[in-house]
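Shown next, in structure tokens, is the structure this report addresses.
The values are calculated or read from the model by the stated rules, or taken from the named source; none is laboratory data. Worth saying up front: this structure is predicted, and the values here are computed from it rather than measured. Here the Cβ positions follow ideal geometry from the backbone for every residue, glycine too, while neighbour counts run over all protein chains shown. Keep in mind that these areas ignore ligands, DNA and RNA; they rest on the heavy atoms of the full protein, side chains included. Shrake-Rupley method; radii C 1.70, N 1.55, O 1.52, S 1.80 Å.
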Amino acid sequence: MPEINRRTFLGACAALAAAPQAKPADTPDIHFPRAPRDRLAVASYPFRDFMDRPGHAGTKLTDFATMVADKFGVHNIEPLSQHFPSTEPAYLDRLRAAVEQAHAHIVNIPTSVGASFYDPDPARRDRAIAGSRKWVDVAAAVGSPSIRVHIQGARGAAPDVGRTSESLKQVAGYGAAKNVMITLENDDLVTEDAFFLVKVIEQVGSPWLRGLPDFGNSMMKGDEDFNYRAVDAMFRHAYNIAHVKDSEVDNGKVFRVSMAKTFAIARAAGYRGYFSMEFEGQGEPYEGTRKLIEESLRDLQAES
């Protein structure tokens with residue numbers, strides 16, 4: 001084998017330095033479908049009691065896309081992170097292949113990362129960042145354009161825009177490098193208040209950190225005006241995913257929302273992404289999801 005002399009070595013280094021280097025994309029660029037049914041997705045969360053888990057045989061995540069296509073005629077799914085029995089590469093390859101075989105797509109993965117982005121303890125914040133990066137890698141492996149990160153509370157600390165933004169700026173940067181968006185949902189009324197999330201998104205200022213508007217979660221305050229203002233604020237920062245529901249149930253009390261009004265808010269904001277059915281009303285999820293799909297199609301067809 002010929003000896004590599006100093007001139008050869010320096011030449012190779014110069015060539016490597018001059019070669020184009022991979023860099024994060026400037027902004028997400030998804031070509032969304034325009035047909036109403038193609039814009040719909042079904043979340044696995046409403047079917048949690050029917051999903052396969054230790055001690056309970058049910059629908060395997062690898063079969064979920066086929067079930068959704070067969071029962072609802074929808075070819076986009078939103079699998080919850082807790083429904084992944086494994087995040088090992090071999091399993092993720094099988095899941096991606098199963099979804100593709102069903103002629104379907106994963107459009108988002110809601111995750112919980114086990115720590116708070118605004119915890120006063122930097123080590124705990126680092127744990128939330130590391131957990132988020134893990135799920136970014138999972139999303140990249142299975143072809144999901146985004147993950148939703150849950151903003152967990154921190155004992156003795158109020159939600160903090162500065163610390164949360166600092167943490168999520170790092171996560172968004174990692175997502176950009178993997179072509180995976182980070183989404184924030186108006187879920188928990190305290191740690192994920194819609195207007196708190198908007199402040200975080202605006203402070204981070206990255207196109208890789210977006211809102212995930214939920215039609216009904218903010219209604220849980222019992223203030224209808226607040227809910228629609230919250231949803232409007234979230235849609236103005238959304239890009240690829242929103243959660244559709246017509247009601248929420250809390251301790252036997254039913255909170256209802258107008259889907260037509262909420263779809264109108266999305267339309268006014270110029271939203272062109274996916275609408276994922278996340279049934280949380282009264283009754284079982286199969287019929288509830290079917291009804292959500294029917295009404296969503298009526299509202300989307302009315303605007304086209």
5 angstrom amide H check on Ile106, placed H, neighbours 5+ away: Ile77
Whole-angstrom gap from region 243-268 to region 100-130, using each part's C-alpha centre: 25 Å
Sequence of Arg39, Arg94 from largest to smallest accessible area, 1.4 Å probe: Arg94, Arg39
Accessible area expressed per residue, region 162-304, with surrounding protein chains retained (probe 1.4 Å, Å²): 40 Å²
Cβ charges +1 (Lys, Arg) and -1 (Asp, Glu), total dipole of region 153-304, debye: 500 debye
Reachable lysines from Lys199, criterion Cα separation under 28 angstrom, eight or more residues apart if same chain: Lys23, Lys134, Lys169, Lys178, Lys221, Lys245, Lys261
Under-5 Å amide H pairs with Lys60, H placed in peptide plane, nonlocal only: Asp52
Overall dimensions of region 61-177 as given by Cα atoms, namely Rg and Dmax in Å: 15.9, 48
Candidates Val254, Val180, Val198: whichever shows maximal mean-square fluctuation once the chain is modelled as a Gaussian network with Cα springs under 10 Å: Val254
Over region 134-241: Kirkwood hydrodynamic radius from C-alpha pairwise inverse distances, Å: 14.0 Å
Rg to Rh quotient for the chain, alpha carbon positions, Kirkwood Rh: 1.03
Kirkwood Rh in Å, taken over all unlike Cα pairs in region 200-294: 13.8 Å
Apportionment of accessible area to carbon and sulfur, region 102-228, percent (1.4 Å): 47 percent
At R0 = 25 Å, FRET efficiency that the Cβ-Cβ distance of Ala90 and Tyr286 yields, to 0.05: 0.20
Mean separation of Cα contacts under 8 Å, 6 or more apart, over the residue count of region 159-304: relative contact order %: 18 percent
Assigned charges on the beta-carbon of Lys, Arg, Asp, Glu; the chain dipole about Cα centre (debye): 840 debye
DSSP beta bridge pairing in the chain, given as percent antiparallel to the nearest 5: 20 percent
